[in-house]
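Engineer: Below you will find the structure I want to go over with you.
The values are calculated or read from the model by the stated rules, or taken from the named source; none is laboratory data. Nothing here was measured: the structure is a model prediction, and the numbers come from that model. Glycine also receives a Cβ, built like all others from the backbone with ideal geometry; neighbour counts cover every protein chain displayed. What goes into the accessible areas is simple: the full protein's heavy atoms, side chains included, and nothing from ligands, DNA or RNA. Shrake-Rupley method; radii C 1.70, N 1.55, O 1.52, S 1.80 Å.
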Amino acid sequence: MNQKELITITVQPTQYPKENRLDKFLHEQFPHYSRSYFQQLIQDGIVSLNGKPIKKPSASIKSGDQITFFFPPPPAYKAT
């Protein structure tokens with residue numbers, strides 16, 4: 001499968017009544033991935049906030065914001 005599956009999350013008021021960090025929010029939604037993993041995705045420009053690419057992991061999110069991203073494929077390993 002070569003296509004990237006885009007994931008879109010809308011921040012719900014019941015989840016986060018106050019502003020929160022983007023990287024922290026993504027880690028809480030997908031706890032099997034580390035916060036530093038999401039920080040790297042954000043810095044690589046893979047994450048969009050309300051339709052705009054964002055490169056700052058500490059960006060604030062609030063109720064109603066839409067976050068869109070994809071999980072990149074793992075790097076290919078060469079057998080030695």
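Engineer: Filtering the range 61-80 down to residues that are farther than 15 Å from Ile9 by Cα and of a type outside the set (Lys, Arg), which residue is modelled with the highest pLDDT?
Structural biologist: Looking only at the range 61-80, we keep the residues that are farther than 15 Å from Ile9 by Cα, and these are 72-80.
After this cut, where a residue has to be of a type outside the set (Lys, Arg) as well, the list is 72-77, 79-80.
Numbers: Pro72: 87, Pro73: 83, Pro74: 78, Pro75: 76, Ala76: 77, Tyr77: 74, Ala79: 71, Thr80: 69.
Out of the qualifying residues, it is Pro72.
Engineer: Also, I was wondering about something else. Can you find even one residue in the range 42-64 that is touching a residue at least 40 places away in the same chain (Cβ under 8 Å), hydrophobic (A, V, I, L, M, F, W, C) and touching a Phe, Trp or Tyr at 6+ places or on another chain (Cβ under 7 Å)? Give the steps one after another, and end with the answer.
Structural biologist: Of the residues in the range 42-64, the ones touching a residue at least 40 places away in the same chain (Cβ under 8 Å) are 60-64.
Subsequent filtering for residues that are hydrophobic (A, V, I, L, M, F, W, C) retains 61.
Checking the rest, the ones that are also touching a Phe, Trp or Tyr at 6+ places or on another chain (Cβ under 7 Å) come to 61.
Yes; the residues of the range 42-64 include at least one that is touching a residue at least 40 places away in the same chain (Cβ under 8 Å), hydrophobic (A, V, I, L, M, F, W, C) and touching a Phe, Trp or Tyr at 6+ places or on another chain (Cβ under 7 Å).
Engineer: Which of the residues that make up the range 61-79 are surrounded by 10 or more Cβ atoms within 10 Å (Cβ to Cβ) and either closer than 16 Å to Gln39 by Cβ or among the aromatic types (Phe, Trp, Tyr) (or both)?
Structural biologist: The initial filter retains those residues of the range 61-79 that are surrounded by 10 or more Cβ atoms within 10 Å (Cβ to Cβ), namely 61-72.
The answer is Ile61, Ile67, Phe69, Phe70, Phe71, Pro72.
Engineer: Give the range 51-80 a look and list any residue that's of a type in the set (S, T, N, Q) and closer than 11 Å to Leu22 by Cβ, or say none.
Structural biologist: If the condition is that a residue be of a type in the set (S, T, N, Q) and closer than 11 Å to Leu22 by Cβ, then Ser58, Ser60 are the ones that fit.
Engineer: Another question, then. Before we move on, is Gln29 open to solvent by less than 70 Å² (accessible area, probe 1.4 Å), modelled with pLDDT of 90 or more and touching a Pro at 6+ places or on another chain (Cβ under 7 Å)? Before the answer, list the steps.
Structural biologist: On the way: open to solvent by less than 70 Å² (accessible area, probe 1.4 Å): yes; modelled with pLDDT of 90 or more: yes; touching a Pro at 6+ places or on another chain (Cβ under 7 Å): no.
Answer is no for this residue.
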